[in-house]
Amino acid sequence: MRHSGRIVRQVLEAAKEAVAPGCSTMDLERVAERKIRDLGAKPAFKGYYDYPCVLCASVNNEIVHGIPSERRVLKAGDIVSLDCGVVLDGYYGDAAITVPVGDKITSELQKLLDVTRESLAQGIEAVRAGNTVGDIGAAVQKYVESNGFSVVREFVGHGIGTHLHEDPQVPNYGTPGHGPKLRDGMVLAIEPMVNMGRPGTRLLDDKWTAVTEDGSYSAHFEHCIAVTKNGPMILTE
Ligand code: CO
């Protein structure tokens, strides 16, 4: 899983490099697909419940599962979340980042990206054998809400291994000490989705793209983490 995790990271880096004002989200899809094939892996998302692409590219008020399109052209000042999964020798990797388009975004948007990235780090810190899934969610939620943003409820992280999505579900909210116990050898995909405004979500008519109900901006970061005796091991760095 370190190998699939490493490939996902390289794919996201390549797609991030390609993000610029005037590029379409389909341009990013092509970069990601080429990189996955060049590195000898297979895409995990394409064909998963008939999802049509290797990448999810979610712009501004889109939370997750934005479908790449030639018509979706990025503008300076936008933010775009890039989410990709691959499978290598039967083992899955899954990660996401949110990046600015162009070199200037508002300070409020920069804070949204920083808080979301750090909320993932806080969740990762809670990945210790003997802790519970609720400890992870509680850590993410506390950090996000104390910074004035909100955590999406309708989409959650997940176990990952020989399938993209395995038990347990890993919500980005919760109660310390509650939920399944973390055990040595488990691998979890932790993926906070953080809204600038209210936590509510809505699904677009394409049946994939999740957007904020109030139209506010949303960010998303994801890593795969192994539970080990020595603490959390990040597989997607
Ligand atoms: Co995931």
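The values are calculated or read from the model by the stated rules, or taken from the named source; none is laboratory data. The shown structure was predicted, so the numbers you read here are calculated from the model rather than taken from an experiment. We place every Cβ from the backbone using ideal geometry, glycine too, and count neighbours over all the protein chains shown. Areas reflect the complete protein model, heavy atoms only, side chains present, ligands, DNA and RNA absent. Shrake-Rupley method; radii C 1.70, N 1.55, O 1.52, S 1.80 Å.
Among the residues of the range 57-72, those identified as open to solvent by less than 70 Å² (accessible area, probe 1.4 Å) and without any contact (Cβ under 8 Å) to a residue 60 or more places away in the chain are Ala57, Val59, Pro68, Ser69. For the range 73-96, which positions are in a strand (DSSP E or B) and either over 20 Å from His158 (Cβ atoms) or open to solvent by 20 Å² or more (accessible area, probe 1.4 Å) (or both)? Within the range 73-96, Val73, Ile79, Val80, Val87, Leu88, Tyr91, Tyr92 qualify. Checking each residue in the range 118-137 for being away from the ligand (no atom under 16 Å from the Cβ), in contact (Cβ under 8 Å) with a residue 24 or more places away in the chain and not hydrophobic (A, V, I, L, M, F, W, C) picks out Glu118, Glu125, Arg128, Gly130, Asn131, Thr132, Gly134, Asp135. For the range 223-232, a residue qualifies if it is surrounded by 18 or more Cβ atoms within 10 Å (Cβ to Cβ) and over 16 Å from the mean Cα position of the chain (by Cα), and the qualifying residues are Ala226, Val227, Pro232. Within the range 89-103, the residues that satisfy the criterion of being more than 16 Å from the ligand (Cβ to nearest atom) and either at pLDDT 95 or above or of a type in the set (Phe, Trp, Tyr) (or both) are Asp89, Gly90, Val99, Pro100, Val101, Gly102. Each residue in the range 202-222 was checked for being touching a residue at least 24 places away in the same chain (Cβ under 8 Å), closer than 22 Å to Asn147 by Cβ and open to solvent by 30 Å² or more (accessible area, probe 1.4 Å), and 2 of them qualify.
What do you reckon, is His163 open to solvent by 60 Å² or more (accessible area, probe 1.4 Å), more than 16 Å from the ligand (Cβ to nearest atom) and part of a loop (DSSP other than H, G, I, E, B)? Taking the combined requirement at face value, the residue does not satisfy it.
Out of all the residues in the range 108-116, is one or more out of contact with any Lys or Arg (no Cβ under 9 Å at 6 or more places or on another chain), touching a residue at least 40 places away in the same chain (Cβ under 8 Å) and within 16 Å of the ligand (Cβ to nearest atom)? Taking every residue of the range 108-116 in turn, at least one turns out to be out of contact with any Lys or Arg (no Cβ under 9 Å at 6 or more places or on another chain), touching a residue at least 40 places away in the same chain (Cβ under 8 Å) and within 16 Å of the ligand (Cβ to nearest atom).
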